[in-house]
Amino acid sequence: MPENILIVSNWKMNLNLDNATKLLDNLKKIKLGSKSKVLNIVCPQFLLIPYISNLLSSTDIILGGQDCHFEDFGSFTGDSSIQLLKHYKCEYVILGHSERRSQYGETNLMIKKKCEIARKNKIKPIVCVGESIKLRKKGKHIDFIINQLDECIEKNLENIIVAYEPIWSIGSGLIPSYDEILEVKTKSMNFLKERKGIKNVKILYGGSVNSQNFNDIIQMSGVDGALIGSASINIKEITKIILNVDFN
Ligand code: 13P
């Protein structure tokens, strides 16, 4: 088992004030044991962040953002800056989610710059990569993912967190086999360590993770945690995920 298990909740644009409050009230009731390996990280949409940040003070729940701009400030209507994420005590930021890549035209170069500014501000980037079903069927997924890693991540970093999220698995109820996740994990890890000179690499899995499959994914594919969408906003599901892993 890895030293820590990261459970990263990507709430996307889903919760309003009332249901975010209710979800957090429930998350706060979960008591992790003193030896727990779980890092419980929640990533709300931008407008919820100041409010949630306040509710999280003196809890062990960690705050993250879903994106940031790659500049410190400027004429970028509609965007939000890393400095505000920092101000509100975000410790992580999800970058290059496939929804941002496909709906907002984010490129690998933009993601690389976002990673740089996040690191400069001491916020840990979680870089998302993953293939379409077409690429997987053609057997080109590994090349595609390695290229994403190559173009999004700088050389010689101390550490990096990557989330492998196959696009075809997000919200579909389909997940790759454990061997397929393991293959991506191993090849990504080797590439980042050997070719990019990165010392510590953590790989998460994302896509249709729920309380039924979470433990098997972690144990069978050896990943360091999960990036979770719809199950993360379902109180019963996310509670089960956190509690089950805690007792394993
Ligand atoms: P689902 O867990 O809903 O498939 O979403 C995955 C995801 O996109 C997390 O970033």
- From fewest to most C-beta neighbours within 10 Å, the residues Leu204, Leu95, Leu174, Leu55 line up as Leu174, Leu55, Leu204, Leu95
- Leu149: net charge of surrounding residues, Cβ under 10 Å, Lys/Arg +1, Asp/Glu -1, itself excluded? +1
- Using a simple charge model, +1 on the beta-carbon of Lys and Arg, -1 on the beta-carbon of Asp and Glu, nothing else, what dipole does the stretch 1-112 show about its Cα centre, in debye to the nearest 20? 460
- The relative contact order of the chain, taking Cα pairs under 8 Å that sit 6 or more residues apart, comes to a percentage of 21
- Message: Going by amide H atoms built from the backbone, whose H comes under 5 Å of the H on Gly65, apart from near neighbours?
- Response: Tyr92, Val93, Ile94
- Item | Sorted by Cβ neighbour density within 10 Å, fewest at the top, the residues Thr59, Thr239 | Thr59, Thr239
- Dipole axis of the stretch 93-221 (+1 Lys, Arg; -1 Asp, Glu on Cβ), positive-most option in Ile123, Ala163, Ile217: Ile123
- Task: Mind putting a number on the dipole of the stretch 152-196 about its Cα centre? Charges go on the C-beta only, +1 for Lys and Arg and -1 for Asp and Glu, and I need it in Debye to the nearest 20.
- Result: 200
- Task: Would you work out the charge dipole size for the chain about its Cα centre, treating the Cβ of every Lys and Arg as +1 and the Cβ of every Asp and Glu as -1, and quote it to the nearest 20 debye?
- Result: 220
- Query: For the stretch 140-248, what is the relative contact order in percent, using Cα pairs closer than 8 Å and at least 6 residues apart in sequence?
  - Reply: 29
- Message: Exceeding 27 Å between C-alpha atoms, which entries from my cross-link table qualify? They are Lys31/Lys89; Lys28/Lys185; Lys122/Lys202.
- Response: Lys28/Lys185
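Since every read-out is calculated from the coordinates, none of them should be taken as a lab result. Every value quoted in this text rests on a predicted model; they were computed, and no experiment measured them. So basically every Cβ, Gly included, is an ideal-geometry build from the backbone, and we count neighbours across all protein chains shown.
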